[in-house]
Amino acid sequence: MNKLKVLMFGWEFPPFMSGGLGTACYGLTKGLTNKNVDVTFVIPHGPEDMKAEFVKLLIASNLSRYNLKIKRIDSLLKPYLTETQYSTNYEQYIETLKTKSENSKVLYGRNIYDEVYRLSMAAKAIAMTEEFDVIHCHDWMAFPAGIEAKKATGKPLIVQVHATEFDRTGGNSVNQYVYDIERQGMLQADRVIAVSYFTKQKIMQHYGISGDKIVVVHNAVDFTDEPNFNVKKNEKVVLYLGRLTLQKGPDYFIEAAKKVLDYDPEVKFIVVGNGDMEARLVDRVAQLGIGSKVLFAGWASGPDVDRMYKLADLYVMPSVSEPFGITPLEALRNNVPVIISKQSGVSEVLKNALKVDFWDVDELANKILTVLNYRGLHHELLHHGAIEVRTFSWNVPAQKCIDIYNLVLHEHAHGEKAP
Amino acid sequence: MPNVCFYFQVHQPYRMKRYSVFNIGNTSDYFDEHKNKEVMQKVAKKCYLPTNKAILDLIHTYKKSGRQFKVSYSITGVALEQFEKYAPEVLESFKKLADTGCVEFLSETYYHSLSYLYSKEEFKAQIELHRKKIKELFGQEPVVFRNTELIFNNELAHFVESLGFKAVLAEGADHILDWRSPNYVYKAKTTKNLKLLLKNYKLSDDIAFRFGQKSWKEYPLTAEKYATWLNQHAEHSVNLFMDYETFGEHQWEDTGIFNFLRHLPHELFKNPHTHFVWPSELALNEPVAELDIHNFVSWADIERDLSAWIGNNMQNSALTELYALEKMVKELNNKVLLEDWRKLTTSDHFYYMCTKYFNDGDVHKYFNPYDTPYESYINFMNILNDLILRMKKHIQEKSIVIELKDKYHVQHRITDRPAKMLNEVIR
């Protein structure tokens, strides 16, 4: 059989990444290339002086080991960007342009929508020149690119949904434009991959896509770059790691911290990450008078993330709406037991974790306190969790994707219609 | 002379409420009345009432014919209490069965506990409580003992003999029987006269587990077919030991389990030599051999050992801490505290903490009110922490050690070593 070739569109990829999407794309791509699939990964890539905050080292040199080609499209788009944030970036860009030279051409779109459109046109150009069998794109910013690539080449399109607009906004003030793009992508696609049944349900419910067309492929965790740190400590540490934004529920983490500290002051809470809620959270911590017990560590990635895990006695993922959630798997990989919200995809597959409703702050505090104080519980959760997490290999989701590629290619070759 | 010995275990635990760290010190209401009532009434309707009626009918039918249909039961004290509270009609129907003179009641620990493994004194006390209860309700003095989940070894046999019992039940596990048949009466190496009655697990499990399984090659199991299997045996007796909830609860009515039960004696009596016997009657036989059973056997899981209740860190910690409180809780001489402590000794609480099959999505799940073993341990330990707090308050009120007063004002924090903490305070 001929080697499968996949053209992938994403928003982020190591080393240029800020969140779980990049980790997932990286893991999946590695799994695919392990299985002898060729992947060309296309990502937007900003001008040097703008991307500094995103540049984190994540074994870029390792990438050359794989049959993986990374293509960058010059763009101001970044993952998890909102309309306003894009506009701010755009204005900054225009400013920097002015300082450079009088004649610089304005390269990027005036607003986020123009830019997404521009990106899709660039994608079309790449699609015309690259050799591939299947198009696979990740989340809404990449969907127009995928649609254009399909139009230009007639190759089958797979869209993978890591998060919907309903997750990002918690269902409040859903951006109609983003929603339309998401829905268009799902309609135009030959198959839709959802990262959990939780997400599949949302796609069916909010986007009216037939369940037959949606395949669930759960994420996994990478074990090849297993870290090895030893950090000393004397206080019990509870870790939050994720963007500080509504979807991730950091505010529930803070409220639970207060309840825990009222009961047992010998606990430290570390908040790793940044985001639009940061100021509000810092303010709330001060208001609750637990400033010395709740530490904001800012954004971390790569080895710093692992160092954070090593520090922790317990990892908490209180997400309000988490399509999958890879961090609990990373925590277990680093031998940290986890409490996760029931409103997450990962809770469908991870058995050896404590699970709470994100809004149930009392129960979250109860579970934090018991894990920190009952050694038998900590030990068993970790023991079984660490064994279980080793069954989550990226080869599994990679194989599921390959099966989907083959399925759509077969349908395509025989003129069968996708469901 | 094929004899058949039916023994049914009747048990319902007191299931706990969800009990958080923040409930400690605020409520000592540990048990989920609503849930326990609901379960009891459901099982009464599906199992206890219809099965008791079927058995009563059988007893009456065959009494007239001159041959007796006999069965034996052990009913835990906690099940009896819950009958009294939530389903008195079930208790009445058991009393009616007792009145026929065709039913034998066996002894066991009142709280269906693992006390033998942790405290002989408590073990004895719970057997005595159970004896009184059976006497009071059914007017019988049990002479045959069955330990919780048929947990058994040489030493237990020895101890039980010293309490005056004539026989004890155990699992007829392959690893203790080897080539021998479970259908004879044995004795344990450590005893003088105590008889050992072994469960024929193959024929018992044909009813208890396989009866409704469509994939089983013997499905559907008719009374006629099963009777021919039993009637082949010419040893002391075929011992059919099982949970009473097999009828109507584990095997639903639509599997035909009740029809099977109603027709079985008729089919068995086609052999003029077949009789039903009680465990106490079997105890009159001379044992055919001595068995040497050092390691504990039980009737649970495929391992048939203690690993369903003891083994992981959560189970070990919960059990050790619970029994570490025994001496203190008894010295306090407070009925309510002692009863709450005893309700925590019920083996089901530790079964819920089992991680053995959790990862395969297992049998334990069916009986488990918790989503994970972790939640059950959290609940148990939180409750144990509250019990300690109440014990401390009680000590203070009774001014057993007056100079300790100040220490009680130290804020209580949860601990997985509550007994140690209590001892420190008292010292």
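Only helices (runs of 4 or more DSSP H) whose full extent lies in the range B:94-164 are considered here, and the ones with at least 3 residues that are of a type in the set (A, V, I, L, M) and open to solvent by 10 Å² or more (accessible area, probe 1.4 Å) are B:120-138. Looking only at residues of the range B:259-318 that are polar (S, T, N, Q), more than 14 Å from chain A (Cβ to nearest Cβ) and assigned to a helix (DSSP H, G or I), we find that the one that is farthest from B:L114 (Cα to Cα) is B:N259. Kindly indicate the residue of the range A:249-285 that is within 28 Å of the chain's Cα centre (by Cα) and without any contact (Cβ under 8 Å) to a residue 24 or more places away in the chain and also surrounded by the most Cβ atoms within 10 Å (Cβ to Cβ) among those meeting that condition. Looking at residues that are within 28 Å of the chain's Cα centre (by Cα) and without any contact (Cβ under 8 Å) to a residue 24 or more places away in the chain, I get A:V282.
Annotation: of all residues in the range B:36-62 being within 20 Å of the chain's Cα centre (by Cα) and either within 21 Å of B:I378 (Cβ to Cβ) or of a type in the set (S, T, Y) (or both), the one that is surrounded by the most Cβ atoms within 10 Å (Cβ to Cβ) is B:Y48.
Of the residues in the range B:336-352, at least one is touching a helix residue (DSSP H, G or I) at 6+ places or on another chain (Cβ under 8 Å), among the basic types (K, R) and closer than 30 Å to B:A98 by Cβ. For the range B:3-26, a residue qualifies if it is out of contact with any strand residue (DSSP E or B) (no Cβ under 9 Å at 6 or more places or on another chain) and within 14 Å of chain A (Cβ to nearest Cβ), and the qualifying residues are B:R18, B:Y19, B:S20, B:V21, B:F22, B:N23, B:I24, B:G25, B:N26. Could you identify the single residue in A:T129, A:T153, A:T164, A:T169 that is surrounded by fewer than 24 Cβ atoms within 10 Å (Cβ to Cβ), outside the structural domain of A:G249 (by TED's automatic domain parsing), in contact (Cβ under 8 Å) with a residue 60 or more places away in the chain and at negative phi? Checking each option against the conditions leaves just A:T169. Among helices (runs of 4 or more DSSP H) entirely within the range A:286-403, having at least 3 residues that are more than 14 Å from chain B (Cβ to nearest Cβ) singles out A:303-311, A:327-333.
Within the range A:257-267, one or more residues are outside the structural domain of A:T164 (by TED's automatic domain parsing), more than 17 Å from A:V361 (Cβ to Cβ) and at pLDDT below 90. When we screen B:L322, B:L344 for residues that are more than 14 Å from every other protein chain (Cβ to nearest Cβ) and open to solvent by less than 10 Å² (accessible area, probe 1.4 Å), the only hit is B:L344.
The values are calculated or read from the model by the stated rules, or taken from the named source; none is laboratory data. Source: prediction; values computed, not measured. Every residue, glycine as well, gets a Cβ built from its backbone with ideal geometry; the counts of neighbours run over all protein chains shown. Keep in mind that these areas ignore ligands, DNA and RNA; they rest on the heavy atoms of the full protein, side chains included. Shrake-Rupley method; radii C 1.70, N 1.55, O 1.52, S 1.80 Å.
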